[in-house]
Each structure stands twice: as C-alpha cells, then as structure tokens.
1. Select from region A:152-176 the residues that are touching an Asp or Glu at 6+ places or on another chain (Cβ under 8 Å) and in a helix (DSSP H, G or I) and list them in ascending order.
2. Tell me, yes or no, whether region B:198-217 has at least one residue that is under 15 Å from B:MET480 (Cα atoms), in contact with a Leu (Cβ under 8 Å, 6 or more places away or on another chain) and among the β-branched types (Val, Ile, Thr).
3. If I filter region B:269-313 down to residues being within 13 Å of chain A (Cβ to nearest Cβ) and aliphatic (A, V, I, L, M), which single residue comes out as farthest from the chain's Cα centre (by Cα)?
4. Restricting region A:138-147 to residues that are surrounded by fewer than 19 Cβ atoms within 10 Å (Cβ to Cβ) and not in a loop (DSSP other than H, G, I, E, B), which is nearest to the other protein chains (Cβ to nearest Cβ)?
5. Given the structure, is A:ALA62 part of a helix (DSSP H, G or I), modelled with pLDDT of 85 or more and surrounded by fewer than 19 Cβ atoms within 10 Å (Cβ to Cβ)?
6. Residue by residue through region B:196-214, note down the ones that are within 14 Å of chain A (Cβ to nearest Cβ) and not β-branched (Val, Ile, Thr).
7. Please state which one of A:LEU51, A:LEU12 is in contact with a helix residue (DSSP H, G or I) (Cβ under 9 Å, 6 or more places away or on another chain) and either away from every other protein chain (no Cβ under 14 Å) or not in a helix (DSSP H, G or I) (or both).
8. Which members of region A:200-252 meet the condition of being within 14 Å of chain B (Cβ to nearest Cβ) and of a type in the set (S, T, N, Q)?
Amino acid sequence: MGTQIVRRLLTLVPVLAVVAVVVFFLVHVAPGDPAAVMAGNEASVERVEQLRHDMGLDRPLAEQFVSWASRAVRGDLGDSYFLNQPVAQALADRMEPTGLLTLYALILSIIIGLPAGIVAAVRRNSWIDRLTTVTALGGVAIPSFWLGILMILCFAVWLRWLPAAGYTNFADDPLENLRYLIMPAFSLGLQQAALLARVVRSSMLDVLWEDYVRTARAKGLREQVVLVRHALPNVIIPTLTVIGNSMGSLLGGAVVTEAVFNTPGVGRLVVQSVLRRDFPVIQGAVLAIAAVYVLVNLLVDIAYVLADPRIREGSRS
Amino acid sequence: MAADRRTRRISRRDFIRVAALASGASVLAACSQSAPPAPVPTAPPSSGTKPAAAPTTAAPAPAATSAAPAPAASGGVKGGTLRAAIIGEPPSLDPQWTTATVTANISWHYVEALFTLDADFKAIPMLAESLETSSDGLTRTVKLRKGVLFHNGKEMTAEDVDASLKRWAQISGLGKNLFAKVDTVSSPDKYTMVFKMKSPYAIFDAVLGYRSGGAAIMPKEVVEQATEKNQVTNPIGTGPYRFVEQLKDRYTRVVRWEKYQSNGDTPSGPGGKKNAYFDEIRFIPVPDQNVRIAGIQSGDYDYAEGINTDQYSLLKDNKQVTTLLSPPSKTPLHYFNNKSAIMSDQKLRQAILAAIDPEAALKAAWATTDFYRLSPSLMLKETPWYTEAGKEFYNQKNPDKARQLLKESKYNGETIRYMTTREYPTMYQESVVLNQQMQAIGLKTDLQVIDWATLVSRRSKPEEWEIFSTWHGFVQDPSMMDWNNTTYPGWWTNEKVDALRDKLLTTLDQKGRLDVLSQEQQLFWSEDVPLLKLGDVRDLYLTSPKLKDVGLLPYTMFWNAYLTK
C-alpha cells in the first residue's frame with residue numbers, strides 16, 4: 001500500500017512537468033500584453049515598452065521558460081505581475097474560499113444525494129422513487145450558474161436573507177462565512193447530489209437483488225439491518241467513484257460559481273488572471289489545480305482500498 | 001471484523017446525525033440573521049429621467065427630520081461605510097504608475113495634485129495656492145498652500161512636490177512631454193516652485209492636474225523609495241480619505257482623513273471644498289455586471305459602475321435602486337490605421353465617413369437618446385472647446401457619394417481587418433453596425449472579435465489591423481487627446497496637422513487656441529478623417545436610494561457624497 005502511494009505520488013512529477021510546459025507556451029503564445037494591461041489605456045508606447053522590459057517580457061521565450069521552470073522546480077512560482085505579490089501567496093489567500101466552497105458543496109451533495117438514492121431504491125416504483133428520479137434528472141440538467149442566479153434573485157434580492165456576493169474569512173466569523181457560502185455551495189453541490197442519487201439508486205437496486213441480501217432476509221433479519229449492514233457497504237465503491245469524480249467537477253464548477261457569487265477564490269483568480277494576462281498566476285494556478293486533482297484521485301483510490309476488502313486482499317497478494 | 005463493522009455503522013449514523021444537525025443549523029443561521037431593512041420606498045429617481053446635473057455643485061438635500069442624524073457642516077450626513085462595487089481590481093494603488101481608470105477612480109480619493117478642474121472644466125489650483133505666468137509665458141511660478149498635511153502628519157512642501165514631479169516625469173508620457181519643455185525647476189522657498197520653460201506650454205496646469213497616470217503629490221521619502229521602477233504600495237497623500245489596506249481581489253479600504261483641509265469654501269467640480277462624509281469607503285472589485293446589479297438590489301453595495309445601458313429600462317422604476325446617468329463624458333471612436341497600406345488612402349477613409357450612419361451605430365449600442373447624442377465636435381460640448389468646424393462632413397449618410405469616393409480611391413477589394421471586443425459590449429455593437437454599413441458600399445471587411453487585452457496588444461502593431469474600436473473618457477484639453485498624440489495607434493500625423501498641434505500647444509490665450517482647434521477639426525472632417533467619431537455618450541450607474549450626491553463628471557467622486565440613514 002505504502003509503495004503504491006509513493007509510486008502514485010511520483011507520477012505527479014511527469015504530470016506536472018507536462019502541464020507546466022503546455023501551460024507556459026499556451027499562455028505566452030496567446031496574444032495580449034500584460035504590460036499594456038498594467039500601464040492602462042492611456043499609457044505611452046514608450047511606457048509599455050519600459051514595463052515589458054522591467055517584467056522581463058522582452059527576453060526570448062525559451063529563456064523566460066528556463067528561468068521560470070528553474071524557479072518553479074525549487075517551489076518558487078514567481079511573482080504576479082498584476083497583484084504585485086508572490087504567486088504562492090496569491091494562491092494561498094484564495095485557497096480558503098475555494099476549499100470551503102468545494103467542501104460545503106461536497107457535504108451537501110452527500111447529505112442530499114445519498115439518502116435520496118437509498119430511499120428511491122428501497123421504495124422502488126413508489127411516488128418517492130419517481131419524485132427522486134425526476135428531481136435528480138432536473139438537478140443534473142440545471143446549470144449551476146443559472147441556479148446560482150435564481151438563488152441570488154430569491155434569497156438575496158427578494159427575501160434579503162443572504163448576501164448576494166462576497167466573502168468573510170472563516171476565522172473572522174464562521175457563521176458569516178457560512179452565510180456567504182451557503183448559496184454558492186448549494187448551486188454547485190446540487191448537480192453532484194443529483195448525480196450521486198442516481199448512481200446510489202441504481203447500485204442499490206443491483207445489490208438488493210443479490211443472493212446474500214435474499215439470504216439475510218431469509219434469516220429473518222430486520223429490513224433495516226439488511227439494508228445498513230449488508231446492502232449499503234456494497235454500494236460504497238460506485239459511490240466513492242462518483243464522489244471522487246465530483247471533486248474534479250466541483251473544482252471546475254467553482255470557477256463559474258465563484259464568478260456568479262463574486263467569491264474571491266482560485267477559480268475567479270484564474271479567470272481574472274487570464275483577462276489581465278497575468279502569466280505567472282495562470283501558470284502557478286494551473287499547476288496547483290493539476291496537483292490537487294492528482295492528489296484527490298489518489299485519495300479516492302486509497303479510499304477504495306480501505307472500503308473494499310477484495311481490493312485490499314488483491315493488493316496484498 | 002464484527003467490531004469493525006459496528007464501528008463503521010455507528011460512525012455512519014453519527015455522520016448522518018451530524019450532517020442533519022449541520023444542515024439544520026445552516027438553514028437556521030441563514031434565517032436568523034437579521035434581514036436588512038426593507039427597501040426604502042422613495043420617489044422614482046429624478047436622475048433616472050434626466051441627466052444628473054453637475055452633482056458636485058448641487059446643494060445636497062438637508063437631513064430634515066429630528067430622527068435623522070445631525071447634518072454635517074454643508075448639508076451632508078456624516079458617517080457610515082460606502083460599499084462601492086467597481087469593475088475590477090486596480091493594477092496598482094499608485095496613480096502615477098498606471099493610467100488605468102480603476103486606479104484613478106480609487107486613488108484620487110487619497111492623493112491630490114497641484115491643480116484640478118472646476119465645474120466648468122478649467123484648471124484651478126488644488127495643492128497650489130496660485131499660478132503666475134510671465135508675459136512671455138516662459139516663467140511659471142507655482143505658490144504652494146501652507147499647512148497642508150500628508151496622511152503621515154508631515155507638512156507638504158516644495159521638496160515633496162519636486163520629488164513627486166521628478167518621478168512622474170520618468171513614468172508618465174504627459175510628464176515626459178512637459179519636462180521636455182522645462183529648462184529648470186527651482187524652489188526659492190519651501191512654498192514656491194519656479195519653472196523656467198524653453199517655450200510657452202499652454203497646458204502646463206491642465207497637465208499637472210490630469211488624473212490618468214497623473215502628477216499625484218506624495219511625500220518625498222515615499223516616491224524616492226519607490227523610484228520609477230516600483231509601485232508605491234502604501235500610498236500617502238493629502239486627500240480627504242486616507243488609504244488603509246488592500247486585500248487583493250476583495251477590497252481597497254480608505255477612511256476619512258480628519259485633518260483634511262479643503263481649498264475653498266464651496267465645491268466646484270472635482271475642486272473646491274471636499275467633504276469626507278463617510279467614515280470609510282470600500283472599493284470592492286466585482287467584475288461581473290449581474291453581480292453588481294444584484295448586490296445593489298440586495299443591499300450589499302451602495303454604488304455600482306459599468307452598468308450596460310440596456311439595463312436602464314429594467315431598472316429605472318425599481319424602488320430598490322437609483323439609476324444615475326453621467327453627463328455626456330465619453331466618445332466612442334473607431335480608429336483607422338493611417339500607417340496601413342490600405343487605410344493610408346485618404347479617399348477610402350473619406351468614403352467610409354460618407355457611408356456611415358453614426359446614429360444607427362450609437363442606437364444599436366446605447367439604446368436610446370437618454371445615453372447618446374450626435375455631435376461633430378471633437379471635444380465635449382460642456383467644455384470650453386466646443387466647435388462645429390467641419391460639421392457638414394459628419395453624419396452624411398450618403399452611400400452614393402461613398403461609392404464615388406471609393407471609385408476614386410486605390411481600394412481594390414483588399415480585406416479590411418476591423419478589431420473589436422465583446423468585453424465592452426457597446427464597442428462590439430457599434431462595430432457590427434459600422435461593419436455592415438461599410439460592406440454595403442462594397443468594402444470587404446473582416447470583423448475580428450477578440451478580448452480587450454489582445455486588442456490593446458495588437459493595435460500597437462501597424463501590420464496587424466486596419467480599424468479598431470475604442471472610446472475615450474473625459475479629457476479636458478484638446479492637446480491631451482489621444483488623436484493628437486502621434487504615437488497613439490492610428491498614427492495621425494502629417495505636416496499640416498502637426499503644425500496645428502504645435503500652435504495649439506504654444507498659444508496661451510483661450511480664444512486663440514479654440515481657433516486653432518477649429519482649424520484642426522476642419523482638417524479632421526474634411527480631409528484627413530483619421531478616425532470615426534460617432535457622438536458623445538453617457539454612462540449608467542446604480543446606487544442605493546440612500547446614497548446622495550455622487551459626483552460623476554469628469555469621474556466618480558465620493559467626496560461630498562453621503563448616505564442617508
């Protein structure tokens with residue numbers, strides 16, 4: 001197990017190297033001049049040239065890459081042009097909103113999706129099942145940004161219960177932090193909840209037809225015990241797969257959701273940095289997101305092993 | 001194994017319990033927060049149906065009822081935090097360092113310059129007490145105001161002004177041009193500066209009072225530490241508000257400077273008396289327009305800028321918001337590339353001018369005449385520079401004449417690359433209409449819709465385009481307009497116009513300068529047609545009904561504005 005984790009961690013190296021090369025050249029080949037953005041619309045040509053020089057943008061691309069990559073290898077992602085601060089700090093400042101948003105969304109999707117899927121499977125063909133299926137279909141189909149806008153209209157503009165946009169640090173005021181993130185988390189998590197409900201329902205239905213469930217019932221076990229002790233553990237593997245994939249979708253979806261709710265997270269930073277042509281931030285953020293993605297996948301794989309004795313035994317033999 | 005399972009079962013139950021409690025708590029948390037007061041019912045905003053009349057000069061409505069907080073000295077209400085939703089994060093807090101509008105809009109609350117504008121857009125002293133000009137125009141003596149304190153408590157003197165201007169001259173194009181004309185600068189005493197000029201320079205005070213990348217006066221030690229290479233990150237000025245902190249992409253916070261001293265007893269445009277009524281102003285970057293609108297409606301923001309004019313009809317009768325229309329302050333422009341092989345053909349440019357219907361383009365972009373007006377004047381009607389010279393060539397809408405001019409030109413079906421952007425929707429909408437009108441007379445055009453950063457980068461390369469769209473904000477003097485800058489993309493330069501430019505810069509009296517400008521404008525419309533000027537336009541802003549007296553021309557000013565309770 002330990003060796004496997006180390007091996008998987010080592011795969012991070014080539015992944016990040018490829019990502020680094022691709023993102024660097026993509027960003028630099030795309031038109032747009034960070035110096036012009038910084039200097040403003042009325043700046044003289046001379047001023048823009050001076051800034052380009054100061055920022056090192058007039059050096060050959062290969063030289064710029066070598067200088068950036070050699071620093072990145074040592075863990076230094078460089079300095080943001082626009083924000084006038086180290087990229088690592090810019091990312092660190094924005095990790096909390098994105099991390100909490102993703103976490104809340106994940107929790108919400110599990111709280112809603114898991115019970116809904118189980119109930120729908122157990123009460124198959126009942127009105128609850130149909131309602132869950134239709135709602136889940138709707139949930140999957142509704143884009144998160146649209147749901148976000150609708151929620152802002154309802155809870156912020158009409159009812160004025162929740163703030164329309166913004167953020168407060170968790171450490172400053174946890175309740176206020178929740179007030180700011182509850183709508184983004186709902187709009188982001190609902191789609192995943194719907195997906196989860198559908199997968200849990202179908203997996204549960206498969207499991208409920210298995211021989212061991214019939215045997216358990218034949219032994220005279222209570223239905224609750226049959227479900228919780230015998231059926232549910234077998235639903236965990238496909239559920240984990242969905243949750244693992246959700247993490248990727250949630251991180252991606254956070255880009256859009258953060259824009260809708262003006263949450264100062266990594267997603268918004270990436271979008272703004274593209275518009276500002278803040279090359280070091282785009283490069284650093286994409287690298288960081290790639291690393292997080294790989295690590296999350298690794299965690300999911302570890303969770304598989306922990307959850308499924310068959311895989312655990314297999315890996316031992 | 002059984003024990004293991006039990007543990008798992010219990011933890012799962014616990015998990016569900018905790019989750020249920022957490023979700024319940026979150027709903028409770030959401031509901032238990034005291035809701036902001038219901039929208040204040042107010043009369044439909046008067047500014048929604050007519051232009052905001054020189055907001056800074058209008059007398060603020062007095063706070064009348066006894067329940068209301070005591071009115072401050074000149075009628076506004078002191079106190080509160082203003083939450084201003086601005087279009088994006090500033091690239092710098094240093095107004096000398098960048099010409100970005102978003103930086104200027106924030107920074108002129110905490111810095112000031114030697115000069116500024118009055119309500120008639122004439123240069124007036126700000127940190128200066130007076131300006132004396134010798135009869136030959138070669139000696140400019142600036143007396144500084146005494147007892148003006150920087151936010152660090154130090155008194156502003158000539159050495160601070162000197163250091164600030166030296167750095168500004170290294171960074172700013174306008175500063176470089178000015179100091180190219182300055183022979184020597186001396187300070188006979190700590191409140192006097194004498195500029196010996198090589199030649200008369202008509203825009204001396206206008207340039208020193210210009211805001212974008214302007215000559216902000218900061219303490220000597222601050223600018224000397226930053227040098228021209230680095231930004232000032234902790235700006236210190238003399239303005240009515242004091243910079244406190246910036247959380248990148250979250251907000252920039254300024255607070256009232258209690259020791260602020262106004263120059264004058266009554267407000268006049270950006271100059272005169274400045275009342276800092278707010279305890280604090282937070283400039284919050286909100287790049288998405290829909291969020292800015294929703295934030296005003298929900299009571300999260302008090303001010304929102306950059307609202308598309310097509311939202312006006314939806315919002316003008318909404319009681320939760322006040323719509324504000326700026327006075328005409330912007331000019332939509334479509335520059336021709338006078339260096340390109342195709343567009344350097346004067347007849348072709350004249351043909352396009354004859355073909356286009358500026359009103360159709362303006363209407364497509366700015367919706368109604370509430371927001372646009374036709375005008376042949378290169379300078380705004382509100383400034384002392386209005387002239388109708390060459391007006392017969394503006395708004396011709398004559399496709400037949402255009403086709404004739406096209407025949408006389410050397411144009412031979414080449415593709416005209418026309419760059420525009422959706423980032424500023426009005427630019428795109430104008431371009432679509434103009435593009436159609438050009439195609440209608442037989443031009444082959446390629447409308448290239450790209451993002452703004454790409455456009456800005458490409459427009460400096462003459463081989464990459466033929467036309468690009470933009471707009472210019474308020475500029476108080478024709479000599480400072482971009483079309484009078486020979487290095488600005490478009491590159492309008494020839495013997496005739498360059499001679500007029502020189503004359504405009506060295507003529508000191510207003511009447512003489514207006515005459516020169518008229519000649520230049522005549523040349524602009526009748527012969528050179530270096531770009532298309534469509535008209536003048538207004539901007540749309542939203543505020544909470546509680547926010548009063550926001551100044552919008554020539555730019556957003558929160559001094560003298562206040563929040564009613």
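1. At the first step, the residues of region A:152-176 found to be touching an Asp or Glu at 6+ places or on another chain (Cβ under 8 Å) are A:156, A:163-166, A:168-170.
A:ALA156, the sole residue that qualifies.
2. yes
3. Here the residue is B:ALA294.
4. Applying the first criterion (surrounded by fewer than 19 Cβ atoms within 10 Å (Cβ to Cβ)) to region A:138-147 yields A:138, A:140-143, A:145-146.
Now restrict to residues that are not in a loop (DSSP other than H, G, I, E, B): A:138, A:140-141, A:145-146.
Numbers: A:GLY138: 20, A:VAL140: 21, A:ALA141: 22, A:PHE145: 10, A:TRP146: 12 Å.
The qualifying residue nearest to the other protein chains (Cβ to nearest Cβ) is A:PHE145.
5. On the way: part of a helix (DSSP H, G or I): yes; modelled with pLDDT of 85 or more: yes; surrounded by fewer than 19 Cβ atoms within 10 Å (Cβ to Cβ): yes.
It is true that A:ALA62 is part of a helix (DSSP H, G or I), modelled with pLDDT of 85 or more and surrounded by fewer than 19 Cβ atoms within 10 Å (Cβ to Cβ).
6. Of everything in region B:196-214, those that are within 14 Å of chain A (Cβ to nearest Cβ) and not β-branched (Val, Ile, Thr) turn out to be B:TYR210, B:ARG211, B:SER212, B:GLY213, B:GLY214.
7. Details: A:LEU51 fails: either away from every other protein chain (no Cβ under 14 Å) or not in a helix (DSSP H, G or I) (or both).
When all the criteria are applied, what remains is A:LEU12.
8. Passing the criteria: A:GLN224, A:ASN234, A:THR239.
The values are calculated or read from the model by the stated rules, or taken from the named source; none is laboratory data. Predicted model, so just to flag it, every value in this text is computed and none were measured. Positions of Cβ are generated from backbone atoms using ideal geometry, with glycine treated the same way; all protein chains shown enter the neighbour counts.
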